[in-house]
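Let me begin by presenting the structure, written as structure tokens, before commenting on it.
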Amino acid sequence: MPFAPEGQELIQQVEQLSSRPVHVAEEPGMKLRATVTPSRGGAPAHMVRFKPGSPSVDYLVASQLMFLVRTFTCPAADRWEIAAFPAEQDVGIKAMGLGDSPDAFARSMIGQIITQVRAYSIGCRVDGWIRQHLPGLREQQEAEIRSQLAENERALAPEIRQKSPKPLVDTNSAMNAVYATFWSTMLMEPRLVIPFTAMGYRGKAGELRAILEDVPDEPSSDRVLVERWTEALGLTGAYHFNPYSID
Amino acid sequence: MAETIHDIQFSLAEFDRSELPESHRELQGDDFRQAVQEHLAAQCTGQGGAAEVAITADRVIIRWKESGAAEPLAELGANHLKLGEYDKGIALLRLALERDPHDAAALFNLGMGLGDRDETGEALELLERLVTIQPDYPGAWVALGVAQARVGQWDGFQVMIFTESDAGGNARVRQVGRPRVKTAGHGPPRHRLSPRLSHPGW
């Protein structure tokens, strides 16, 4: 099935900016809705993968491509990626209350929460841009966002929250709360924030939202945005930035 | 847009008391639950969809309908009772009665639910209110009779009913007499009437 013109234009844009092809493929069994793996080292292409069966494939692919666009519109010297040494992961494990968890699980969870910081903070930039500039994808975007919002709301259930340490749950919920506030504004649906406010996340969501508004909406500021969110969430020292090079 | 419904549930213990008016922040027990329910119901009002808020012993449940009118609370509550989820069902049915003390389906199902949990005093009160307000509500007299039997009120009160259907197929119940019955040696019957949705055939 061919992708929507918007997606095809973004693929061309990424290919021109990075001088690498983009491969888009379904990945059965994938838990995430979509991911992107930028080309690096010997990898011949950027890989965008998505979960089969989604009715919002064009939006999902476009949003992943926009992460690449933001990366490659920065000068080569300003491109970055996130990494963590074991000692940094240990900092995160302590901060997120994962000290009693199995080591491999704890390290995996720290990786995931850092990935969420990046995905949500820059994701707000990406989604704002798509909503403004790709009206043809608006319906798919809204469907996907509503699905994500509902998933986040389900994660508030006590039986889910009690599976993880409170600091980790609170960090995840704070990001879900700012996601809800962001979309409550975009969709003009204040109700989206009600459960998060009721559970005490008003303050942290407000802090993250303020950072989002304070940091310039330029790809070159994305690193600062991630830094400030991680600081607000108590994850400073749990990761570092590496220069990203496609070669 | 297709109608969608979803529940949001979270622990009552995690409710942020600072969201309540200052005079309500130290409340405990039922008073606290009521304050939370009223606060959230007010928050949910006028949001473009329909929402119901129920507070159980330990959790908050917000049910959203993205479009259209909300499913009647009594129906939601009865569905929970059918699934054996008594806390949820009873909370929703109480909320339905708060909103409409004459909601016959709520009176019937809450009376039934409380009776099943042996909270017979309140069950009787509700079912007596029901037969006063709507004496032809399907199953009302049977439910009241069962509730009476559960508290041992055998000698002075026996409901005899029979049903007849009118030409339109709607059930109609009529009380025809209260004969005395002997009950020595018999425990109270443990009839379980299914929680009732609106007006099914009887």
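The values are calculated or read from the model by the stated rules, or taken from the named source; none is laboratory data. Bear in mind the structure is a predicted one, so any value in this text is a computation, not a measurement. Note that we place each Cβ from the backbone using ideal geometry, even for glycine, and neighbour counts take in every protein chain shown.
State which residue pairs qualify: first residue hydroxyl-bearing (Ser, Thr, Tyr) and inside the range A:98-118, second residue assigned to a helix (DSSP H, G or I) in any location, beta carbons under 9 Å apart, and separation of 6 or more residues or different chains.
Partner pairs satisfying both residue conditions: A:SER101/A:ILE93; A:SER101/A:MET109.
Could you list, in sequence order, all residues of the range A:1-44 that are in a loop (DSSP other than H, G, I, E, B) and either closer than 17 Å to A:PHE72 by Cβ or among the β-branched types (Val, Ile, Thr) (or both)?
A:SER19, A:ARG20, A:PRO21, A:PRO38, A:SER39, A:ARG40, A:GLY41, A:ALA43, A:PRO44
Would you check which residues across the range A:193-247 are within 14 Å of chain B (Cβ to nearest Cβ), of a type outside the set (Phe, Trp, Tyr) and in a helix (DSSP H, G or I) and list them?
A:VAL193, A:ILE194, A:PRO195, A:THR197, A:ALA198, A:ARG202, A:GLY203, A:LYS204, A:ALA205, A:GLY206
Could you say whether any residue in the range A:65-79 is in a loop (DSSP other than H, G, I, E, B) and among the β-branched types (Val, Ile, Thr)? Step through it out loud before you land on a result.
First, pick out the residues of the range A:65-79 that are in a loop (DSSP other than H, G, I, E, B): A:73-75, A:79.
When the remaining residues are screened for being among the β-branched types (Val, Ile, Thr), the result is A:73.
Yes, because at least one residue in the range A:65-79 is in a loop (DSSP other than H, G, I, E, B) and among the β-branched types (Val, Ile, Thr).
In the range A:1-36, which residues are in contact with a helix residue (DSSP H, G or I) (Cβ under 6 Å, 6 or more places away or on another chain) and hydroxyl-bearing (Ser, Thr, Tyr)?
Across the range A:1-36, the qualifying residue is only A:SER18.
Given (1) among the small types (Gly, Ala, Ser); (2) farther than 25 Å from A:ALA45 by Cβ; (3) assigned to a helix (DSSP H, G or I), where does A:SER101 come up short, assuming only one miss?
Failed condition: (3).
With the requirement that a residue be of a type outside the set (Ser, Thr, Tyr) and facing another protein chain (nearest Cβ under 8 Å), what does the range B:3-34 give you? Before the answer, list the steps.
Going residue by residue through the range B:3-34, those that are of a type outside the set (Ser, Thr, Tyr) are B:3, B:5-10, B:12-17, B:19-22, B:24-34.
Matches in the range B:3-34: B:HIS6, B:ILE8, B:GLN9, B:PHE10, B:GLU14, B:PHE15, B:ASP16, B:GLU19.
Looking at (1) modelled with pLDDT under 90; (2) touching an Asp or Glu at 6+ places or on another chain (Cβ under 8 Å), which is the only condition B:ALA105 fails?
Status for B:ALA105: all satisfied but (1).
Inside the range A:212-230, can you point out the residues that are without any contact (Cβ under 8 Å) to a residue 24 or more places away in the chain and either more than 28 Å from A:GLU139 (Cα to Cα) or not acidic (Asp, Glu) (or both)?
Those that are without any contact (Cβ under 8 Å) to a residue 24 or more places away in the chain and either more than 28 Å from A:GLU139 (Cα to Cα) or not acidic (Asp, Glu) (or both): A:ASP214, A:VAL215, A:PRO216, A:SER221, A:VAL224, A:GLU227, A:ARG228.
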